[in-house]
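Working notes for the structure below.
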Amino acid sequence: MSAIVSSRNPATRYMVAALIAAGLQTAVLGYIIESRAAILRSGAEVVLKTAPVDPRDFLRGDYVVLNYDISSVPVSSVKGGLPSAAGEQVLWVRLKPQADGFWNVAESSFSALPEEGGSVVIRSQPFYSYGPAGGDSMRLEYGIERYYVPEGEGKPLEEARQDGQVSVAARVSADGTAQIRSLLVDGKAAYEEPLY
């Protein structure tokens with residue numbers, strides 16, 4: 001009898017370990033999905049004007065590459081000074097709506113910016129800063145530079161974007177993380193993300 005119990009014991013342990021591993025994987029995947037969904041549900045919405053990209057880089061497979069006017073941040077907008085040494089940095093950028101309905105850079109900082117009415121603070125992806133020797137502007141990405149489209153629908157978007165007709169409505173969370181809410185062509189939603 002004890003031989004039967006001991007032979008089942010290792011199998012039971014493997015089964016429990018497999019269930020725990022599957023549960024952890026499911027929890028991690030759920031966390032990733034919910035993080036994105038939370039931004040789309042409750043983040044502050046900004047409309048960003050796209051800027052031209054070399055058309056050879058625009059379409060790669062089934063996604064489009066997006067460049068924004070806010071991707072080039074003037075050094076003159078930095079409050080609190082530049083880092084004294086070169087290295088990897090994160091920049092917080094305050095966006096404010098302009099007369100044309102698009103949001104643009106009002107100020108930026110290498111430290112978190114406080115909340116201010118009528119504005120939204122977006123956080124850049126880590127980038128290499130050359131410090132005081134960096135030049136007049138900094139090239140940034142915000143994690144919203146790629147948008148997936150249905151297969152075969154990239155060419156019309158490429159043409160519309162090259163003509164300046166494509167913009168993006170993005171949602172920005174309280175911690176500055178951005179997600180694309182919808183891709184707009186001539187101000188009308190061509191693709192929208194579900195709010196879950």
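The values are calculated or read from the model by the stated rules, or taken from the named source; none is laboratory data. None of these values were measured; they are calculated from a predicted model. Note that we place each Cβ from the backbone using ideal geometry, even for glycine, and neighbour counts take in every protein chain shown. Heads up: the accessible areas ignore ligands, DNA and RNA and are worked out on the full protein's heavy atoms, side chains in. Shrake-Rupley method; radii C 1.70, N 1.55, O 1.52, S 1.80 Å.
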Check: Considering only protein heavy atoms and a 1.4 Å probe, what is the carbon-and-sulfur percentage of the accessible area of the chain?
Finding: 55
Notebook entry, point to check: Rounded if a/c is under 1.5, else prolate if a/b beats b/c, else oblate: with a ≥ b ≥ c from the C-alpha gyration tensor eigenvalues square-rooted, which is region 95-153?
Noted result: oblate
Next item on the list: List the lysines whose Cα lies under 29 Å from the Cα of K79, skipping any in the same chain that are fewer than 8 positions away.
Entry: K49, K96
Notebook entry, point to check: Expressed in nm to one decimal, what extension gain is obtained for the pair I33 and R146 from 0.36 nm per residue of sequence separation less their Cα-Cα distance?
Noted result: 38.9 nm
Note to self: Rounded to the nearest 20 debye, what is the charge dipole size of region 100-196 about its Cα centre when +1 sits on each Lys and Arg Cβ and -1 on each Asp and Glu Cβ?
What the structure shows: 160
Check: Hey, what do the phi angles of region 34-47 turn into as Karplus ³J(HN,Hα) couplings, whole Hz, using 6.51/-1.76/1.60 and θ = phi - 60°, x for Gly and Pro?
Finding: 5, 4, 5, 5, 4, 5, 5, 6, 10, x, 6, 8, 10, 10
Check: Any idea what % of Cα-Cα pairs in the chain are farther than 29 Å?
Finding: 38
